[in-house]
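The values are calculated or read from the model by the stated rules, or taken from the named source; none is laboratory data. Treat the numbers as computed from the prediction; the structure is a model and nothing was measured. FYI the Cβ positions are ideal-geometry reconstructions off the backbone, even for glycines, and counts take in every protein chain you see.
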């Protein structure tokens, strides 16, 4: 399955989370940021480079926009700056530093300075060693949730931010600003793409 179809048929976090007004306003403010003039609110320069490189590796630009195209990194910076308390912010900085230390120990450089194949190798290792999300029923986790760690939490946040961005919602997912009649018993094979609304 190609990336476009996967994005259209998944919606890992789009629709699964009810966005608070604060989060919606953060999305709106990210749309006006100029990528070349972006100054992080919370992240240090090295942290911002790490997060930008991480989300770009997870969701690169292909025939669909990538994470950097829809400013996922800017959104994550704003969320941490405006919704995390001091302990949460300190923990985030610590986790980014720890993540970069793993990269330095393996390849001698921070994540954003690694070659593409080295980044993939690091993420494959993180995928194997990170905790998994508990399975859920109707959006509710079943059983105790193990610690997911920095990589899995950041990957989930990046996918959620990406899937709920305006550009992806309107140009990649099926989008109808004025939906028609409700059809409760339509066969899944006739549904098509995941809908952004």
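Per the conditions (1) in a loop (DSSP other than H, G, I, E, B); (2) out of contact with any strand residue (DSSP E or B) (no Cβ under 6 Å at 6 or more places or on another chain); (3) more than 21 Å from residue 45 (Cβ to Cβ), the sole criterion not satisfied by residue 156 is (1).
Residues in region 151-166: is at least one more than 22 Å from residue 53 (Cα to Cα), in contact (Cβ under 8 Å) with a residue 40 or more places away in the chain and within 20 Å of the chain's Cα centre (by Cα)? Scanning region 151-166, I find no residue that is more than 22 Å from residue 53 (Cα to Cα), in contact (Cβ under 8 Å) with a residue 40 or more places away in the chain and within 20 Å of the chain's Cα centre (by Cα), so the answer is no.
Selection over region 68-117 of residues that are buried (at least 20 other Cβ atoms within 10 Å of the Cβ) and more than 17 Å from residue 48 (Cβ to Cβ) gives a count of 0. Of all the criteria given as (1) under 21 Å from the mean Cα position of the chain (by Cα); (2) under 30 Å from residue 82 (Cα atoms), the one not satisfied by residue 116 is (2).
For region 175-193, the criterion of being within 23 Å of residue 59 (Cβ to Cβ) and surrounded by 16 or more Cβ atoms within 10 Å (Cβ to Cβ) is satisfied by no residue at all.
Residue 141 - would you say it is over 21 Å from residue 91 (Cα atoms) and either in contact with a helix residue (DSSP H, G or I) (Cβ under 9 Å, 6 or more places away or on another chain) or modelled with pLDDT of 95 or more (or both)? No; evaluated as a whole, the condition is false for this residue. For region 46-87, residues that are in a helix (DSSP H, G or I) and touching a helix residue (DSSP H, G or I) at 6+ places or on another chain (Cβ under 9 Å) total 25. Take residue 69 and decide whether it is within 14 Å of the chain's Cα centre (by Cα), touching a residue at least 24 places away in the same chain (Cβ under 8 Å) and farther than 14 Å from residue 154 by Cα. Yes: the conditions hold for residue 69. Is it the case, given these coordinates, that residue 55 is under 19 Å from the mean Cα position of the chain (by Cα), surrounded by 15 or more Cβ atoms within 10 Å (Cβ to Cβ) and at pLDDT 95 or above? In short, yes. Among the residues making up region 118-141, those that are surrounded by 10 or more Cβ atoms within 10 Å (Cβ to Cβ) and in a loop (DSSP other than H, G, I, E, B) are 130, 131, 132, 133, 134.
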